[in-house]
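This report refers to the structure that appears directly beneath it.
The values are calculated or read from the model by the stated rules, or taken from the named source; none is laboratory data. Quick caveat, the model's predicted, so the values are computed rather than measured. Every residue, glycine as well, gets a Cβ built from its backbone with ideal geometry; the counts of neighbours run over all protein chains shown. Note: areas computed on protein heavy atoms with side chains; ligands, DNA, RNA excluded. Shrake-Rupley method; radii C 1.70, N 1.55, O 1.52, S 1.80 Å.
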Amino acid sequence: MAEYLKTGKSKIEIAQAEAQVYETVRGIIDDVTKRGDTAVRELSAKFDKWSPESFRLSESQIQDIMNSVSEQTIEDIKFAQAQIRRFAEAQKASIRDVEVETLPGIILGHKNIPVSSVGCYIPGGRYPMVASAHMSILTAKVAGVERVIACTPPINGEIPAATVCAMALAGADEIYLLGGVQALAAMAIGTETISPVDMLVGPGNAYVAEAKRQLFGRVGIDLLAGPTETLVIADETADAEMVACDILGQAEHGPTSPGALITTSRELAEETVKEIERQLDVLSTADVARVAWEDNGIIILVDSLEEAVVEADKLAFEHVEVLTENPEYFRENMKNYGALFLGPETNVAYGDKVIGTNHTLPTKGAARYTGGLWVGKFIKTCTYQKCTPEASAHIGEYAARLCELEHFAGHREQALLRVRRYGKVTVQ
């Protein structure tokens, strides 16, 4: 039976914090809706101390910024983008249009159509998320999205040059130095200077996630990404140094980021706790990672790998690292996760930055019903149908009777009109 050796904050405590975020976000969205650019400028000045002549960067500004970035940084960004593009293109190749004749003269099909316009949010703050440009902008472009715009905030009043460089190289059609909820609202609702988009994507803090939730319906979204989650599943073959390193490596994202260990080894669990404390003493981001671990860390001791799968599927975490003798067992049996990292040779940082899979992944249990961002998220699968006259009359008789069962007189008449017009029999 699973034994919890450590637990994080309760659901009630988490819900109370979320309620405060909801009210703040609602007010900002309402303000942008009513006052457009004026509200956006005031909010940017208030939260980011940023009020340039234009939030949109010109082509010459973008070129100047790219020229300021080191050649090594440019090459590193291009390398990462090549990996993400390669995998995204392989994913797109798996998406096929379909057309089939289900009955003589009845043709059904679906066509895959890219979303017309997408707004990508690239987080800034303490951690300028350069990689998010690859994951959102580039993936949308591979999917065939015609207009991709992107917003990223200034950092301490400065332009995040590497991030802008990545946005440009990824193929953004418009780049805005604009952050926070006001950026999401401007892209979704539109202002005097920013044309609205059809879909919003990208990670961010709790306010960004809540903004996407409140704007959903007005626009599409990729998913509701909450705090980064990392689960390590380990047996006695794993070592505590690696387990601790990989949990803390993601805990630094923010003080609300859960890190968890599910293990069949009590000894490993105990050693991991000690190792986490040792590493926190030297980790430069320990001020954040320590709070995340103390408030949200979880350790679950299980009797078997089968039980580990059960507990892991209950958590349905964003990232799942498998440090066991046979990692393939979890690939074959787990159902609820954002991304799997199989074996000690890989880790979440690879997925976050460079290896090629997308780092925008489901959190807060959403892995129970959705995967992460990929080219398919930017593509609408739309059906169509057509009939020969004979087939229309044939299927119309069935349709008429089925409509009558549901008391839809108008529906029934649509079917009967075709039966009378194209059929050889008279239907009353």
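The residue of the stretch 364-417 that is nearest to A90 (Cα to Cα), among those that are basic (K, R) and open to solvent by less than 100 Å² (accessible area, probe 1.4 Å), is K377. With a requirement of 3 or more residues that are open to solvent by less than 30 Å² (accessible area, probe 1.4 Å), the strands (runs of 3 or more DSSP E) lying completely within the stretch 286-350 that satisfy it span 298-301, 319-323. Hey, T139 hits all of (1) touching a residue at least 12 places away in the same chain (Cβ under 8 Å); (2) open to solvent by 10 Å² or more (accessible area, probe 1.4 Å); (3) out of contact with any Ser or Thr (no Cβ under 6 Å at 6 or more places or on another chain) but one; which does it fall short on? Result: T139 passes all but (2).
Comparison of H134, H110 shows that the only residue that is out of contact with any Asp or Glu (no Cβ under 7 Å at 6 or more places or on another chain) and either of a type in the set (G, A, S) or in contact (Cβ under 8 Å) with a residue 12 or more places away in the chain (or both) is H134. Determine if the stretch 209-230 includes at least one residue that is open to solvent by less than 30 Å² (accessible area, probe 1.4 Å), farther than 17 Å from A131 by Cα, part of a helix (DSSP H, G or I) and of a type outside the set (A, V, I, L, M). Yes, the stretch 209-230 contains at least one residue that is open to solvent by less than 30 Å² (accessible area, probe 1.4 Å), farther than 17 Å from A131 by Cα, part of a helix (DSSP H, G or I) and of a type outside the set (A, V, I, L, M). Here D281 passes the criteria (1) free of Cβ contacts under 8 Å to residues at least 24 places away in the same chain; (2) in contact with a helix residue (DSSP H, G or I) (Cβ under 6 Å, 6 or more places away or on another chain) except the one numbered (2).
In the stretch 230-251, the residues that are free of Cβ contacts under 8 Å to residues at least 60 places away in the same chain form Cβ pairs under 7 Å with partners that are open to solvent by 20 Å² or more (accessible area, probe 1.4 Å) and among the acidic types (D, E), at six or more places apart or across chains, as follows: A240/E271; A240/E275; E241/E275; A244/E275.
Looking at the stretch 370-428 only, could you name the residues that are in a loop (DSSP other than H, G, I, E, B), within 30 Å of E318 (Cβ to Cβ) and in contact with a His (Cβ under 9 Å, 6 or more places away or on another chain)? Scanning the stretch 370-428 gives G372, L373.
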